[in-house]
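K.L.:
Pasting a structure below so you can have a look.
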Amino acid sequence: NKSLAFTPFETKWIPNSAKFVLLGQTPKATGIAQVYQLNKTELTLLSEFQRGKGFKCGTFGASQVNKAELATGDHEGNLEIYDLEAGKPFYNIKAHDQLVNSIDGIGGLEIGYGAPEIVTGGRDGCVRVWDPRQNGAVVSLEPAEKDPVVPDCWAVAFGNSYNNEERCIVAGFDNGDVKMFDLRMNQLRWDTNLKNGVCGIEFDRKDIMMNKLVATTLEGKFHVWDLRTYHSEVGYSSLQESGQKSTIWGVKHLPQNRDIFATQGGNGVLNLYKYNYPPQRVLEDLEGRERGVVGTVELLNDKELATQPIASLDWNRDKIGLGVVSCFCLLYTSPSPRDRQKSRMPSSA
């Protein structure tokens, strides 16, 4: 672990490397990005650059596989795409009127089909999809003008990108709303309300026919949906778990095993879960309609990493079990293989 002199908001592994980028905000409210190299159990700072406004989120999801093109959202509502080697943005657009809370990408890194796209969710309540080849949003989902209070969009994610036509986005809001939008059909596909603000949301895999969805909320709860079967009255089958005693800031699935995921606790605790499928995923109701059956989740282990909230978590796609976490008091990387063998925690944490 490493102490920092600024507030970290996002950590992302640089594709095909043992390097990661750390995004945050300095005490002067400027943005700062640092690139680190992992050398066995040591972290080496390779480069650093600063920008006008604090960084809030970032993704490599729309980057070409042989390039390190980082898309970022900042506290002023800007979407920028950086060439990390140059430390300068080659794409800049005003994405939202206020803070960009969340960002995700698809179509890059050989993950998912179709064109590279970026989705952003902002404090202004809007969810927008961007094509880096264009200078405007290709899709803009905005709150109704009649809404007296505009909900804050806290989390966004891509999924269902299993061919060149299909693609969905899902968004979570501070009023508990979860909305899934079908980009091919250009319409709302499904929505629900969790009665608590949605802090994090993720499909178990982006590049397959949508299978499972996990959302984390305030008051220490997370929800899991089986997305393979939709019932006209009940919707998707789901379960709710009280995972921790504090807000769960986010969720990340292990890239090498979509049934294992970790949640980021507001109390600094990282929980590792495994999803177990039921004997039958589909049953028929009394009217002969198919209804999905949700499985169960098993807590594999938990680890207190800090006394402050875990702001971000990212798994390395090339080495199973290698993760990087940023908390509001330090930076933490997963233990060395030797230390892992001494612990009962699996190599995926």
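The values are calculated or read from the model by the stated rules, or taken from the named source; none is laboratory data. Keep in mind the model is a prediction, meaning the values are calculated, not measured. Virtual Cβ from ideal backbone geometry, glycine too; neighbours counted across all protein chains shown. Heads up: the accessible areas ignore ligands, DNA and RNA and are worked out on the full protein's heavy atoms, side chains in. Shrake-Rupley method; radii C 1.70, N 1.55, O 1.52, S 1.80 Å.
K.L.:
For segment 1-38, state which trypsin sites (Lys or Arg not before Pro) are in a DSSP loop and have at most 12 other beta carbons lying within 10 Å of their beta carbon. Walk me through the intermediate numbers first.
P.N.:
Details: sites: Lys2, Lys12, Lys19, Lys28; in loops: Lys28.
Of the trypsin sites (Lys or Arg not before Pro), the ones in loops of segment 1-38 whose Cβ has at most 12 other Cβ atoms within 10 Å are Lys28.
K.L.:
Run the 1.4 Å probe and let me know the accessible area of Ile32, rounded to the nearest 10 Å².
P.N.:
Rounded to the nearest 10, the figure is 10 Å².
K.L.:
Here's something else I'd like to know. Determine the order of Ser140, Ser232, Ser312 by accessible area, beginning with the largest, at a probe radius of 1.4 Å. Display every interim value, and only then the final one.
P.N.:
Values: Ser140 55, Ser232 85, Ser312 5 Å².
Result of the area sort, largest leading: Ser232, Ser140, Ser312.
K.L.:
About the Cα centre, and with charges only on the beta carbon of Lys, Arg (+1) and Asp, Glu (-1), how big is the dipole of the chain? Nearest 20 debye, please. Walk me through the numbers on the way to the answer.
P.N.:
Working: 39 positive and 43 negative charges, 231 e Å.
Computed about the Cα centre, the dipole is about 1120 debye.
K.L.:
Taking 8 Å as the Cα distance limit and 6 or more residues as the minimum spacing, I'd like the relative contact order of the chain as a percentage.
P.N.:
11
K.L.:
Let me ask something additional. Quick check on segment 159-288: take the gyration tensor over C-alpha atoms, sort the square-rooted eigenvalues as a ≥ b ≥ c, and tell me if it's rounded (a/c under 1.5), prolate or oblate. List each step's numbers first, then the result.
P.N.:
On the way: a/c = 1.43, a/b = 1.39, b/c = 1.03.
Verdict is rounded for segment 159-288.
K.L.:
A follow-up question, please. Given an 8 Å cut-off on Cα distances and at least 6 residues of separation, report the relative contact order of segment 95-233 as a percent.
P.N.:
Numbers: 365 pairs, mean separation 23.8, N = 139.
After rounding, I find 17 percent.
K.L.:
Shifting gears a bit: Please work out the average accessible area per residue across the chain, using the 1.4 Å probe convention, and give it in Å².
P.N.:
Numbers: 15780 Å² over 349 residues.
About 45 Å² of surface per residue is accessible.
K.L.:
Something else: Check segment 161-242 and count each lysine pair with an alpha-carbon distance under 17 angstrom, considering only pairs eight or more places apart or from different chains. Write down the numbers at each step before the final one.
P.N.:
Details: Lys179/Lys195; Lys179/Lys206; Lys179/Lys212; Lys195/Lys221; Lys212/Lys221.
Taking segment 161-242 as the scope, the lysine pair count is 5.
K.L.:
Looking only at Cα atoms, what is the convex hull volume of the chain per residue, in Å³? If you can, show how the numbers build up before the last one.
P.N.:
Details: hull volume 48.1 nm³, N = 349.
Residue-normalised Cα hull volume stands at 138 Å³.
K.L.:
Dividing the convex hull volume of the Cα atoms of segment 92-139 by its residue count, what figure in Å³ per residue is obtained?
P.N.:
On the way: hull volume 3.8 nm³, N = 48.
Once divided by residue count, the hull of segment 92-139 is 79 Å³.
K.L.:
Another question about this same structure. Run the accessible area of the chain with a 1.4 Å probe and give the carbon-and-sulfur part as a rounded percent. Before the final figure, lay out each step's value.
P.N.:
On the way: 7040 of 15780 Å².
The value for the chain is 45 percent carbon and sulfur by accessible area.
K.L.:
Kindly report, to the nearest 10 Å², the accessible surface of Glu80 as traced by a 1.4 Å probe over protein heavy atoms only.
P.N.:
Counting only protein heavy atoms, Glu80 exposes about 10 Å² to solvent.
K.L.:
A further question on this structure: Can you list which of the trypsin sites (Lys or Arg not before Pro) found in segment 151-232 are DSSP loop residues with at most 14 other C-beta atoms within 10 Å?
P.N.:
On the way: sites: Arg167, Lys179, Arg184, Arg189, Lys195, Arg205, Lys206, Lys212, Lys221, Arg228; in loops: Arg167, Arg184, Lys195, Arg205, Lys206, Arg228.
Those satisfying the criteria are Arg184, Lys195.
K.L.:
Given a 1.4 Å probe and heavy atoms of the protein chains only, how would you sort Ser47, Ser63, Ser242, largest accessible area at the top?
P.N.:
Working: Ser47 50, Ser63 0, Ser242 90 Å².
Most to least solvent-accessible, the answer reads Ser242, Ser47, Ser63.
K.L.:
I want to make sure I understand the PRE zone here: with the label point 7 angstrom from the Cα of Ala18 toward its beta carbon, which residues in segment 28-68 have backbone N atoms less than 11 Å away?
P.N.:
Backbone N within reach: 37-44.
K.L.:
Still on this structure, I have one more. Would you kindly find the accessible area of Met185, with a 1.4 Å probe and non-protein molecules such as ligands, DNA and RNA excluded, rounding to the nearest 10 Å²?
P.N.:
Roll a 1.4 Å probe over it and Met185 shows about 90 Å².
K.L.:
Here's a follow-up. Can you run phi through the Karplus equation (6.51, -1.76, 1.60; θ = phi - 60°) for segment 123-139 and list ³J(HN,Hα) in whole Hz, with x for Gly and Pro?
P.N.:
3J(HN,Hα) across segment 123-139, in whole Hz: 5, 6, x, 8, 10, 10, 10, 10, 9, x, 7, 10, 9, x, 5, 7, 9.
K.L.:
Still on this structure, please answer the following. Could you give me the percent of Cα pairs per 5 Å distance bin for segment 20-136, shortest bin first, beginning at zero and ending with the bin that holds the maximum distance?
P.N.:
Computed distribution, short to long bins: 2, 12, 22, 23, 20, 13, 6, 2, 0.
K.L.:
Calculate for the chain the 222 nm mean residue ellipticity that helices alone would give, adding -39,500 (n - 2.57) per DSSP H run of length 4 or more and normalising by residue count, nearest 500 deg cm²/dmol.
P.N.:
On the way: 1 runs with 6 residues, N = 349.
That calculation yields -500 deg cm²/dmol at 222 nm.
K.L.:
Determine which lysines satisfy two conditions relative to Lys40: a Cα distance under 19 Å, and not lying fewer than 8 residues away in the same chain.
P.N.:
Straight-distance partners of Lys40: Lys2, Lys12, Lys19, Lys319, Lys342.
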